[in-house]
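Step one of this worksheet: look at the structure below.
Rule-based calculations on the coordinates, nothing more; no lab input. No experiment lies behind these values; they were computed from the predicted model shown. Ideal geometry is used to build each Cβ from the backbone, glycine not excepted, and the neighbour counts take in all protein chains shown.
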């Protein structure tokens with residue numbers, strides 16, 4: 001599920017790290033976007049639309065849309081397409097707009 005060879009781009013991998021996604025232990029590479037690690041692990045639904053509960057996946061990959069907002073280390077509304085993966089992160093599916101007072 002990961003692009004390893006490309007005719008134009010080169011990919012440098014960080015060290016392999018562990019993180020939790022919705023209580024499940026996953027691995028990825030340090031410094032890669034969280035969404036890339038989730039995609040490589042087979043996770044295709046990153047959030048759901050607020051009103052109709054439609055699934056949203058990896059869309060723009062540049063932090064412009066809100067299709068990938070998740071709760072990361074207790075902080076809501078993190079765009080995981082641009083947030084870099086670190087060892088021990090706790091990533092959770094966010095339901096709704098997120099509770100902004102949770103970390104205050």
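Just want the ordering: 87, 92, from fewest to most Cβ atoms lying within 10 Å of their own Cβ. Write down the numbers at each step before the final one.
On the way: 87 12, 92 15.
With the fewest neighbours first, 87, 92 line up as 87, 92.
Quick one: compute the contact order of segment 16-92, relative version, from alpha carbon pairs under 8 angstrom and 6+ residues apart, as a percent. Don't skip to the answer; put the middle values down first.
Working: 152 pairs, mean separation 28.5, N = 77.
After rounding, I find 37 percent.
Of 64, 12, 27, which has the largest mean-square fluctuation in a 10 Å C-alpha GNM of the chain?
With Cα springs under 10 Å in the chain, the top fluctuation among 64, 12, 27 is at 12.
Order by neighbour count: 8, 43, 80, 90, fewest other Cβ atoms within 10 Å first, most last. Write out the running numbers ahead of the final one.
Values: 8 4, 43 19, 80 27, 90 13.
By the 10 Å Cβ count, ascending: 8, 90, 43, 80.
Neighbour counts of other C-beta atoms within 10 Å: give me 71, 84 arranged from fewest to most.
Values: 71 21, 84 15.
Sorted ascending by nearby Cβ count, the order is 84, 71.
Given the -39500 (n - 2.57) contribution per DSSP H run of 4+ residues, what per-residue ellipticity at 222 nm results for the chain, rounded to the nearest 500 deg cm²/dmol? Could you put the intermediate results ahead of the total?
Details: 1 runs with 7 residues, N = 104.
Mean residue ellipticity, 222 nm, calculated: -1500 deg cm²/dmol.
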